[in-house]
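Taking it in order: structure first as structure tokens, then the write-up.
The values are calculated or read from the model by the stated rules, or taken from the named source; none is laboratory data. Note that the structure is a prediction, hence the values are computed from the model and not measured. Cβ: placed from backbone, ideal geometry, glycine included. Neighbour counts: every protein chain shown. In case anyone asks, the SASA skips ligands and DNA or RNA and just uses the protein heavy atoms, side chains included. Shrake-Rupley method; radii C 1.70, N 1.55, O 1.52, S 1.80 Å.
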Amino acid sequence: MDPTMITTFGLLFAGFLAIMLLLWAVPVRLWIEAVSSRVSLGLGSLIGMRLRKVNPPAVVRPLIASTKAGLPLDVSHLEAHYLAGGDVDRVVRALISADKATIDLPFQRAAAIDLAGRDVFEAVQVSVNPKVVQTPRVAAMAKDGIQLIAIARVTVRANINRLVGGAGEETILARVGEGIVSTIGSADTHKKVLENPDAISKTVLQKGLDSGTAFEILSIDIADVDVGKNIGAELQTDQAEADKRIAQARAEERRAMAMAAEQEMKARVEEMRAEVIAAEAKIPLAMADAFRSGNMGIMDYARYRNIESDTHMRRAIAEGDPDGPVATE
């Protein structure tokens, strides 16, 4: 191949790469959009965004939208928010909505809300158009022991000034549920609650449950109240059953102790009987020894037998046996 043609081809290729690099570094189309929208933005600013690793469309297009809405913003502030990890488009849309609704929302506050992880655009919408959140089924027991299950609908409006650091919807629902439990629990009977469920919402609303949250409670409406279990009767039944089991356990303990004492007594009697038998077994030996030593004669032995027969007779009479042995002289 001719060296001249190779050189020409290389120059053309290099020129093509240079043009592509220039078009990437200088988004001419985006610059034309900005200029046609009367946004004061030079090509140098766009090139600087590329060098600072900022996506130009993510900053310029929201800037065009704010300018068209009559809300001029500083491009450096938008770039800083983008570099901080924020959503520039969402912040600008929130600022436009707040401006149309005559809500005081500076850019710095909107950016702080966005960086805090909250949807600032949704917050502005909720501030303009309050939304309704519903509590789960809240079970509580009146003083008469009857359980009531209530569901409440809470109408809230976002408080722009408390979005940073304020508690969310979960806290609102938890506090409302706690208020419902407290109000029902202070009622004398469940019938009073069923007759006037509005009393729950009025009492709960007066407690200032939106303190420290990112919302303002506008109203609390009781959507439904159902009668649940008779908790008082169940508790009494359970207590009676527990008392019964305790009494049975104590009776069983006393019975076991009595049986143990009886067994011990029987063992003692058997032991004493064995001692008596052992003692009686030694009597003939003692008598034989007395005969051998001359300390006991035949007449003494006869008197001993007579006394023994008399003792057996008296014992038989005492035990109701008239046919017992009769004493002999």
**OP:** Could you calculate the contour length gain from ILE283 to GLU252, that is, 0.36 nm times the residue separation minus the distance between their Cα atoms, to one decimal place in nm?
**Re:** 6.5 nm
Original post:
Per the helix-only calculation at 222 nm, which mean residue ellipticity applies to the chain, given -39500 (n - 2.57) for every DSSP H run of n ≥ 4 and division by its residues, nearest 500 deg cm²/dmol?
Top reply: -21000 deg cm²/dmol
Original post:
Hey, what's the per residue convex hull volume over the C-alpha atoms of the chain, in cubic angstrom?
Top reply: 465
**OP:** Could you compute the FRET efficiency for LEU194 and GLU262, with r as their C-beta to C-beta distance and R0 at 51 Å, rounded to 0.05?
**Re:** 0.25
Original post:
Which value, in Å² and to the nearest 10, is the accessible area of MET257 when all protein chains are kept and the probe is 1.4 Å?
Top reply: 120
Subject >> Accessible surface, per residue, of the chain when the full set of protein chains is kept, probe 1.4 Å, Å² >> reply: 64
Subject >> Residues of type lysines that LYS143 reaches as a straight line, Cα spacing below 27 Å, ignoring anything fewer than 8 places off in the same chain >> reply: LYS191, LYS192, LYS202, LYS207, LYS229, LYS244
Original post:
When Lys and Arg each count +1 and Asp and Glu each count -1, what net charge do the other residues less than 13 Å away from MET259, Cβ to Cβ, add up to?
Top reply: -1
**OP:** Mind ranking 33-39, 141-147 by how tightly packed they are, going by the mean number of other C-beta atoms within 10 angstrom, highest first?
**Re:** 141-147, 33-39
**OP:** With a bin width of 5 angstrom, please list the P(r) values of region 87-162 as percents of all Cα-Cα pairs, from the 0 bin to the one holding the largest distance.
**Re:** 3, 15, 22, 15, 10, 8, 7, 7, 6, 4, 3, 0
**OP:** Please compute P(r) over all alpha-carbon pairs of region 124-278, binned at 10 Å starting from zero, and give each bin as a whole-number percent.
**Re:** 10, 26, 17, 12, 8, 7, 7, 6, 4, 2, 0
Subject >> Net charge, ALA152 excluded, C-beta distance under 15 Å - Lys, Arg +1, Asp, Glu -1 >> reply: -2
**OP:** Compute the label zone of LYS207 within region 137-156: residues whose backbone N is under 16 Å from the point 7 Å along Cα-to-Cβ.
**Re:** 137-143, 148-155
Original post:
So what's the net charge close to SER182: Lys and Arg +1, Asp and Glu -1, counting the other residues with Cβ under 12 Å from its Cβ?
Top reply: +1
Original post:
What shape does region 275-320 take by its C-alpha gyration tensor, where a ≥ b ≥ c are the square roots of the eigenvalues and a/c under 1.5 counts as rounded, a/b above b/c as prolate, and the rest as oblate?
Top reply: oblate
**OP:** Just reorder LEU51, LEU218, LEU83, LEU41 by solvent-accessible area, largest first, 1.4 Å probe, all chains present.
**Re:** LEU51, LEU83, LEU218, LEU41
**OP:** Please label the shape of region 40-92 as rounded, prolate or oblate, based on the square roots a ≥ b ≥ c of the eigenvalues of the alpha-carbon gyration tensor (a/c under 1.5 means rounded; beyond that, a/b larger than b/c means prolate, else oblate).
**Re:** oblate
Original post:
How much length is gained on full extension from ILE231 to ILE151, taking 0.36 nm per residue of separation minus their Cα-Cα distance?
Top reply: 26.9 nm
**OP:** Scan the chain and note any complete DSSP helix (H) whose C-alpha atoms cover at least 27 Å along its axis and whose Kyte-Doolittle average is 0.0 or more.
**Re:** 3-25
**OP:** Set the Förster distance to 35 Å, then compute FRET efficiency between LEU218 and ASP99 from the Cβ-Cβ distance, nearest 0.05.
**Re:** 0.90
